[in-house]
Structures are given as structure tokens and as C-alpha cells.
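The values are calculated or read from the model by the stated rules, or taken from the named source; none is laboratory data. The structure presented is a predicted model; accordingly, all values stated were derived computationally and were not measured. Neighbour counts run over all protein chains shown; Cβ positions are idealised from the backbone, glycine included.
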Amino acid sequence: MNDMRLCIFCETELTDQTKPEHILLSALGGRKTTRWAICSQHNNDFGATIDKALAEMIGTFRNLLQLESGTGKPAPSIQTENEAGERLKLRSDGTPELIEKPFEVTPRDQGGFDIQINARSEADVRRAVPHIAAQTGISEDDVWGQLADGGSGARVRRSAGVIPRQLQLGGEVSLRAMCKAALCLMATSVGTDPLRSDAFSEVRAFVQNGGDKFNRILGSLDPRRLPSAEVVEAKFGPLFNLLIVRSDEAGRVVAHFTLYNLVAWQMVLAEAGGPPDTYLALVSNPLKPSSWSDQFASEIDVPFTWLNAPDSSDLYARSTERMNAALKVWHERSQSQLIGDIVQRAFDAEGPADGSPLSPDAAARIRARLAEEVTHHVLGLSLKQSLSAEEIAAMRAMPSNPKKN
């Protein structure tokens, strides 16, 4: 860039050293950045406030579908409770994990101890044994002996139960982040000078400080499906994020922000006097962040008249329909992952370690194990599998400090 540009929000000159701004947040899977919209200081300030609020707002949804960020970071983990009041951590891969003590030791009346180890893996069991020995005052050999004693050891898998989830989308702070994204997208086409003019003074003030007027009058929830939604879905998946900025011949500028194809907002960036006849679109696929485009305006035509007339009637019915479509995606992805995990566990437990072909006996054991685990999962039942002395011996033989997964 040879011409001097100033930050949209202040007098700071933008240069090749300016911190790049993600136009669609990285938390949304966004990858397009620009150094030619806002200065590094405003980038940092917005990142710690309005962008952070928007990212936190979508954290539950990202965890539900294991959506990576645009920079490849995993979905955030979530701490919550199930309906039984048990504390859970929903890991970034969607796996629920009980938040509890790693083991419990209960003395027996006749001597010895009952030991319950709450572990996700055999490696966790191996790590717990030295601590159990220290608490009970017996040797590690005796702890392993008790675990193997009488074949009473068992591996138990059970459902995490019903986990209530709340998904709250919208609000003033997140709308400010969306308006900022729209201004940054415009800057990539028209520069920052028009966006620093009086025509955009209200939206600039709203992004920086908030304000009830803009939130009530110039920002509108718009639950309608995009006219070209099926085209966008075909190319960028069923949960696409889409930012459109368009103006008419008089310079009225409106932005449209579709979030995960769940809900959308319309924002009036300039009531008049903005750059005329501008049309920009930035779209991304959160299920595959490498799939995105800033040239999609040349492929779809979303009329200005449609963008300029948001309609929030039938809000509940429209929102429910779109949420159900998103939950269908979640169900398909989660079931595929779950079945994959069950198959992997069966082969790890019963398949040959050296990669040799399955024997008929091993194949039969794998089929039986798959049938058992799938049946318990479908019925929502706990699955208790006895641990043999050989399995306990194998745990004991693991390295002293195995790395955690």
C-alpha cells in the first residue's frame, strides 16, 4: 500500500507492521486478516473486550460441535453440571469428564482397603498407584496385588446423563463486534477515509462505546433464511458464517451477519453518504476453516432491498427450524465420532498388537465387544467390564511416567 491510511477509529497511521486484524474472528473459524483497517492498539483493545465477548458467547456451540478456530486451536472446554448435579468438564473433543477425586480409599472392617480409581485410561491408573500407596501406607506392590485380588477389578463406563446447555446469541456487545467486522471488510475495498467520515460516526461510536440508540434502531435481529442459503450451504457447509456489506446509489450502507446459519443480524452502518453501490461478502465454513472466500459477492446476489428490510416476525418458529438443522449436524458428527471410538477400543483390546491379520477368535471377540458397547450406549446403560489379572499386569508394566493424552 503506497497511500497513507489512518485507523478507522483514531489518527494512527497503518503500516506493514500493524497487527493484522481477523475480519471474521478466529474463534468463528475466520482466516482473512487485514493490516489496513484498525491500528494495533485498537486491535488489542477490541480483542480484550467486544471480540472476547463474542468468542465467549459462541463457546458452548463450538464445544458442542468441536469447531476449531481459524488458527487451528481446538474448541474451548466447558465446565458444567449434569441434571444429577455432578460436575463435568466437557473437553474440546466433546468428551465429558467427571470432575472428581482421582481415587478413593475405604478401609475394610476385616483389613485391607476398597480402592476406587476414577480414571480415563490405563495410564491414569498407573499414575494413581504411587499416591494410593502413600495414603494407605502400603507398598505399591501391595496396591497392585489388591487391584488384582479375586478378580474384583472392573472398568466401568457410564453415560454422563443429561447435560443442560444454554445458547444465548446476540446482545449489544457482540453486535458491536459484528459492526467492527463489517467496517474492516469495507476498508479492504474502499480504504479507511470514507469510514472515518461523518456518515459512519454513529457506528464508530457504537463499536467503541456501545449505545442504546444504535442497538434499538440501527441494529435488527433478522431470522430469515438468506435468499441464496442453499448455494452457500452447498459450498461452505450447513453452519456457514457470512458477512455481507452492501450500499445503494445514495450511499445507505447496511451489513448482514449470519452466525453459524443459526441467526442473523442487520446493521445500518450509514444512513446516507457512504460509498455508493458497494457489495462485499466474506463467508467461511466453521466445520472446515480452510474453506472460505472473500469473493463470494461475485457468485451470489443478495439484493439490497432484501438486506434493507429485516423481518423478525415468526422469530420463534424460524429460530427453532434453524436450530434443529444445526442439532442434526451435531447428532451426525457426534454419533460418527462415538462409534469410531467404540470400534477403536475394541480393536485395541482384542486385535493383534503386531498388525498381523485378525484370527477368527479375535474377530469374534471384537464383534462381541462392539455389540455389547453399542447396545449399552443405545440403551443409556452403564457398562461394567471385569479386569483380568493379565490386564492389571499390563497396566503395571507401563512406563513410570506415561505422557497424558
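Below are the figures for this structure:
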| quantity | calculated |
| --- | --- |
| Residues being surrounded by fewer than 22 Cβ atoms within 10 Å (Cβ to Cβ) and not β-branched (V, I, T) - total across the range 178-197 | 6 |
| Selection within the range 279-319 - polar (S, T, N, Q) and buried (at least 19 other Cβ atoms within 10 Å of the Cβ) | S284, N285 |
| Any hit, the range 294-301, residues being modelled with pLDDT under 95, in a helix (DSSP H, G or I) and under 26 Å from the mean Cα position of the chain (by Cα) | yes |
| The range 6-45, residues that are of a type in the set (D, E, K, R) and either within 20 Å of V173 (Cα to Cα) or in contact with a strand residue (DSSP E or B) (Cβ under 8 Å, 6 or more places away or on another chain) (or both) | E13, E21, R31, K32, R35, D45 |
| Residues of the range 364-399 satisfying the condition of being small (G, A, S), in a helix (DSSP H, G or I) and at pLDDT below 75 | none |
| So A264, is it crowded, with 20+ Cβ neighbours inside 10 Å and either out of contact with any strand residue (DSSP E or B) (no Cβ under 7 Å at 6 or more places or on another chain) or part of a strand (DSSP E or B) (or both) | yes |
| Odd one out for V302, checked against (1) out of contact with any strand residue (DSSP E or B) (no Cβ under 7 Å at 6 or more places or on another chain); (2) more than 18 Å from L25 (Cα to Cα); (3) not basic (K, R) | (1) |
| Unmet requirement for M57, which otherwise passes all of (1) out of contact with any Ser or Thr (no Cβ under 8 Å at 6 or more places or on another chain); (2) in contact (Cβ under 8 Å) with a residue 60 or more places away in the chain | (1) |
| Of all residues in the range 209-241 being over 22 Å from D51 (Cβ atoms) and of a type in the set (G, A, S), the one that is modelled with the lowest pLDDT | S228 |
| Pairs where the first residue, in the range 326-337, is touching a residue at least 40 places away in the same chain (Cβ under 8 Å) and the second is not aliphatic (A, V, I, L, M), C-beta under 6 Å, 6+ apart | V329/P238 |
| Residue check for R365: surrounded by 11 or more Cβ atoms within 10 Å (Cβ to Cβ) and closer than 30 Å to F257 by Cα | no |
| Residues located in the range 101-124, provided they are within 28 Å of A75 (Cβ to Cβ), at pLDDT below 80 and assigned to a loop (DSSP other than H, G, I, E, B) | N118, A119, R120, S121 |
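Quick grid of which residues meet (1) in contact (Cβ under 8 Å) with a residue 40 or more places away in the chain; (2) under 22 Å from R345 (Cβ atoms); (3) surrounded by 15 or more Cβ atoms within 10 Å (Cβ to Cβ):
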{"site": "E86", "(1), (2), (3)": "yes, no, yes"}
{"site": "T95", "(1), (2), (3)": "no, yes, yes"}
{"site": "I99", "(1), (2), (3)": "no, no, no"}
{"site": "P107", "(1), (2), (3)": "no, no, no"}
{"site": "I117", "(1), (2), (3)": "no, yes, yes"}
{"site": "R126", "(1), (2), (3)": "yes, yes, yes"}
{"site": "P130", "(1), (2), (3)": "no, no, no"}
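Here's the yes/no breakdown for (1) assigned by TED's automatic domain parsing to the domain that holds A119; (2) at negative phi; (3) of a type in the set (S, T, Y):
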| position | (1), (2), (3) |
| --- | --- |
| A177 | no, yes, no |
| T188 | no, yes, yes |
| G191 | no, no, no |
| L195 | no, yes, no |
| R216 | no, yes, no |
| R224 | no, yes, no |
